[in-house]
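Values quoted throughout were computed directly from the atomic coordinates according to the rules given, and no laboratory measurement underlies them. Values in this document were obtained by computation on a predicted structure and should not be read as measured data.
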Amino acid sequence: MGRLRKLIALSLVIAMISIGIVAISPQEIASQISKVIGGAVAQVCAECKGLLLKTGQTTQYNSELDDGFYEMGLAKLYTVLTTGQYSGTTNIDLIHYTAVTISFVSTTPGTINDAAAQLAQFKTGDVIVITGSANNNGVYNISTGNVAGTIRTTQGTIFEAAKPPISIAKREAHSNNCVKDENTCLTWSRYVAGNMGTNSDGGMPWTGQLYDIFAYCAAANVAALGGYGDWRIPNIVELSSIMHLPTLYPDAAAFPGYPIGNTKSSSTDQLSAGNTFNWNLYTGQTTLYLASALKTGTGYVLLVRGGN
């Protein structure tokens with residue numbers, strides 16, 4: 001506001017000069033305008049960081065003037081949010097299978113059968129949610145899973161013949177913890193999806209399945225993960241911004257327990273529309289690289305919001 005007032009005052013002075021009330025040299029006017037405008041620009045640059053982030057590389061290789069020599073950019077700066085709306089967990093339910101071939105047996109523990117033999121994707125220890133059933137809608141803990149034709153549940157089931165359509169969702173109690181990137185103003189979910197996908201390890205395809213990463217994101221928004229309903233899949237530039245070259249991982253304090261494997265982005269490879277860009281991290285923590293991979297392949301997903 002102080003510089004704005006100065007600009008207004010200078011405008012008035014220029015107006016008075018033009019009608020002969022004040023006599024100031026053109027050079028002095030130019031000098032004063034330069035100082036005010038220059039100060040305003042400096043103030044804007046201080047408030048809006050506007051710089052790329054550091055890679056984290058600090059080693060200078062072969063005495064070359066490389067990334068490790070200059071260490072240019074902003075150091076990563078995070079605020080980890082764990083209290084209030086960011087505490088506890090939110091249940092995210094993601095349908096993995098819908099069929100007309102699912103039936104139930106009156107037993108305790110419960111018995112769920114599938115004539116199409118597609119139940120192996122539900123593993124022992126999974127929490128599932130049944131919908132579309134006349135007698136057996138509800139939440140179940142799988143006591144014996146990974147069997148194509150029959151799974152058993154801790155809770156009892158009531159006899160029900162196969163009829164259309166019954167859906168089985170996997171339920172994930174996802175942490176509400178978030179990470180605010182103070183440089184980019186992006187807010188990240190602190191953890192990747194944990195027990196979704198056919199292997200119940202968080203690996204999901206980019207598209208084409210009931211349980212792909214975009215369906216997962218939509219389910220997180222319906223559940224209001226962390227109190228928000230505007231989560232999205234990060235693009236490859238956003239995802240790159242949290243990678244840290246020396247450790248090959250995102251910051252361990254901000255994103256603890258980050259898994260080995262590939263993390264999917266929302267960005268499509270323009271040279272191969274069937275591929276998406278991933279960040280791949282392999283066993284031994286020795287290789288981190290950007291890769292183009294099939295959208296049908298599975299990978300982890302870390303949700304993000306904000307950025308406008």
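Global size of the stretch 59-194: 23.1, 74 Å for Rg and Dmax (C-alpha atoms, Rg to one decimal, Dmax whole). Within the stretch 170-273, all pairs of alpha-carbon atoms sorted by distance into 10 Å bins from zero give the percentages 13, 46, 35, 6. Run a plain Debye calculation on the stretch 101-163 (Cα atoms as equal point scatterers, no solvent) and give log10 I(q)/I(0) at q = 0.15 Å⁻¹, rounded to two decimals, same order as the q list. The Debye formula, applied to the Cα set alone, gives -0.35.
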